[in-house]
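First comes the structure, then the notes that go with it.
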């Protein structure tokens with residue numbers, strides 16, 4: 001077992017490997033100094049572990065830039081000890097109400113009556129049995145059982161040994177009212193350890209220490225709160241103080257402002273043009289730090305739920321760069337600053353992964369519309385997808401679902417009387433594409449998909465009904481006009497039902513349209529035909545030379561060698577779900593399978609779906625960061641392609657210069673799978689789930705594809721193209737998964 005010192009030494013060694021990166025890129029920055037913006041980790045990696053715990057501080061060191069600064073909100077105990085804790089009140093972020101029940105009191109805090117357990121009522125020794133817990137209830141509480149102790153400021157400095165230490169003094173006046181001198185404490189601790197930054201929202205406090213600290217060692221930063229809130233020592237609002245930066249310069253060398261001071265947001269959560277505050281502050285010689293950066297809240301829709309895009313808006317917008325960011329997820333600004341800032345629009349990328357759209361850029365616009373497809377091409381997608389549906393009059397077109405209710409307002413239209421029940425397709429009723437002619441379908445109003453709406457996460461509401469459907473012919477014409485695409489993916493489902501029951505041959509319609517569009521020519525774009533039905537792929541294999549992609553809908557834990565041989569008879573590549581590689585339980589990765597390596601050993605490329613940007617779609621292991629998730633599947637599991645409804649995120653990942661470095665930096669090293677679940681104490685562990693089944697021959701072999709002229713048999717209560725029987729069996733855990741240096745460092749973190 002290693003100790004804290006060993007872990008910190010390991011983290012610092014890892015940082016030294018990549019320290020040169022910032023120096024090489026510094027001249028491009030529009031910060032006050034010209035250096036790269038600083039990453040400040042609020043309470044360490046508080047977006048995952050309980051903030052201000054040893055685990056949170058050390059994970060921040062391991063996964064961030066080499067010069068990461070650890071942020072400590074300083075509170076004083078009854079006997080004057082300084083602790084790192086996010087609030088005056090202990091009850092929201094610790095278990096004090098369980099350790100010391102019925103000890104709450106009521107005090108005035110900045111004139112507001114506040115009830116709870118206050119630090120000023122307990123000596124340091126009295127808090128020895130109190131542990132920090134996750135104080136933000138939307139985040140996982142699974143690590144609370146580790147009983148991480150509250151830390152003294154001195155312990156963070158001397159034991160964790162951060163490259164930089166930032167002390168924030170939020171309530172000097174309150175402590176003075178309780179006969180405790182924050183000024184004396186801060187000056188005393190500054191003589192014992194190196195403090196790089198001291199911030200406060202109270203002018204009087206910063207004025208009281210400015211002559212007692214060395215500006216070459218310790219920078220004083222004035223923290224702005226809400227613009228309408230009142231600064232207690234000047235009785236001015238923070239909004240009015242912002243207009244007098246010359247005054248701020250008399251006692252501080254920098255300012256810390258909420259990010260909305262810089263990029264304001266409308267009531268419906270869209271950005272408006274940036275203010276001049278950063279440029280104005282730089283003119284006064286003040287550094288500017290932005291605050292309130294977190295990955296797990298609804299970001300302005302302009303960012304498409306991508307936190308890296310948000311950071312880039314603040315550090316690489318062409319006009320200015322903030323001098324630092326305060327974040328609960330320090331890995332994200334680390335990768336944004338060091339790997340994605342200053343990327344040229346024509347920057348070359350690595351070959352893998354192939355970026356395949358899911359209904360175009362359907363995270364930003366209604367699925368399979370002209371807007372979604374145009375956006376996907378502009379975002380750098382490699383392969384543009386069209387799930388083909390067919391109209392009553394036999395016109396093939398692109399739409400995400402055969403049931404028009406799923407993607408249009410048809411149920412509120414004059415066609416609402418066409419509702420019917422088709423058990424072969426779904427339980428319940430629908431209005432299906434084969435019930436309307438194309439001229440009627442193209443006039444429907446499309447609607448954007450909101451797969452995370454139950455979490456109140458919605459997509460681009462200003463364009464929730466934007467765009468028009470394209471025929472397959474128009475889709476192919478659009479694809480041919482693009483110089484950046486490498487291919488198209490044509491999805492075909494329910495073909496047997498359409499042939500037998502509706503006398504519509506979607507397979508023939510697709511082949512004819514592709515041929516007329518010139519896609520028989522070997523020099524044209526690569527064509528991929530995807531289906532969950534082997535009979536569909538066999539039909540294309542008989543008549544075409546397109547790449548045939550078999551989609552495995554079920555989550556699987558393994559596949560038999562004989563099954564893979566059967567797949568090779570009708571497919572050239574395979575699509576699987578993310579859980580077939582990294583199974584999860586309660587959003588924690590529990591292991592890794594060898595499905596990818598087995599398929600690739602048989603010369604079957606593996607494409608994986610679905611990669612979305614909404615943080616609720618990602619396991620906790622990915623830190624609410626879609627780039628971290630993509631990185632594990634590509635750099636860790638070596639998948640050949642990613643299928644995504646936000647292609648911009650994956651396309652940018654491919655251009656990442658950090659992946660081409662001889663030593664991959666820690667913030668771009670794949671997170672070791674199942675590492676987090678190992679640190680959860682038994683009483684907090686998610687329940688064990690049944691392993692995903694094994695894919696067998698019977699799951700993939702189907703009867704021959706029916707002829708359109710065949711007479712449909714009488715219904716038997718089952719589907720003619722129904723869902724394949726679920727595989728059964730036990731998963732097999734791969735024993736040879738690459739263990740990076742980061743994996744060993746994180747493993748060491750969990751040992752104490």
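Rule-based calculations on the coordinates, nothing more; no lab input. This is a predicted model, so every value here is computed, not measured. For neighbour counting, all protein chains shown are included, and Cβ atoms are generated from backbone atoms with ideal geometry for every residue, glycine included.
Couple of notes before you dig in:
- Relative contact order (%) - the range 176-277, alpha-carbon pairs under 8 angstrom, separation at least six: 22 percent
- Between 0 and 90°, nearest 10: helix 4-18 axis offset from the chain longest Cα axis: 60 degrees
- Once the Cα-Cα distance is subtracted from the 0.36 nm per residue extended length, the residue 204 to residue 191 segment shows a gain of 2.6 nm.
- Backbone N atoms of the range 373-404 closer than 19 Å to the 7 Å Cα→Cβ label point of residue 439 belong to residues 390-397.
- Each peptide in 287-299, 110-122 gets a packing score, the mean of other Cβ atoms within 10 Å over its residues, and the list from highest to lowest is 287-299, 110-122.
- Ordering of 669-675, 343-349, 561-567 by burial proxy (mean other Cβ atoms within 10 Å per residue, highest first): 669-675, 561-567, 343-349
- From the largest down, the range 351-493 spans 48, 38, 26 angstrom on the principal axes of its Cα atoms.
- Extension gain, residue 456 back to residue 98 (0.36 nm per residue minus Cα-Cα distance, nm): 125.7 nm
- Compared with the dominant principal axis of the Cα atoms in the chain, helix 54-63 is inclined by about 60°.
- For the chain, share of DSSP beta bridges that run antiparallel, in % to the nearest 5: 30 percent
- Where a label projected 7 Å from the Cα of residue 603 along Cα→Cβ would reach, residues of the range 625-660 with amide N under 18 Å: 640
- Computed log₁₀ I(q)/I(0) - Debye formula, equal Cα scatterers, no solvent, the range 21-340, q 0.10, 0.12, 0.14 Å⁻¹: -0.56, -0.82, -1.15
- Once the Cβ-Cβ distance of residue 543 and residue 474 is raised to the sixth power relative to R0 = 22 Å, the FRET efficiency obtained is 0.40.
- Dividing the mean sequence gap of close Cα pairs (under 8 Å, 6+ apart) by how many residues the range 21-340 holds gives a relative contact order of 20 percent.
- Each of residue 508 and residue 247 was given a label point 7 Å from its Cα along the Cα-to-Cβ line. The distance between the two points is 8.2 nm.
- Mean projection area, nm², convex hull over Cα of the chain: 34.2 nm²
- Compared with the alpha-carbon gap, the fully stretched path from residue 114 to residue 178 is longer by 21.6 nm at 0.36 nm per residue.
- For the chain, the longest principal axis of the alpha carbon atoms and the long axis of helix 472-481 meet at an angle near 60°.
- Protection proxy ranking, peptides 237-245, 154-162, average beta carbon neighbours within 10 Å, highest first: 154-162, 237-245
- Translational diffusion of the range 121-262 was estimated from the Stokes-Einstein equation, with Rh taken as the Kirkwood radius over Cα pairs; at 20 °C and 1.002 mPa s the coefficient is 125 µm²/s.
- FRET E, pair residue 426, residue 292, Förster distance 56 Å, beta-carbon r, rounded to 0.05: 0.85
- Whole-Å semi-axes of the range 424-571's equivalent ellipsoid (Cα gyration tensor): 27, 23, 19
- With R₀ set to 22 Å, the beta-carbon distance separating residue 610 from residue 28 gives a calculated FRET efficiency near 0.05.
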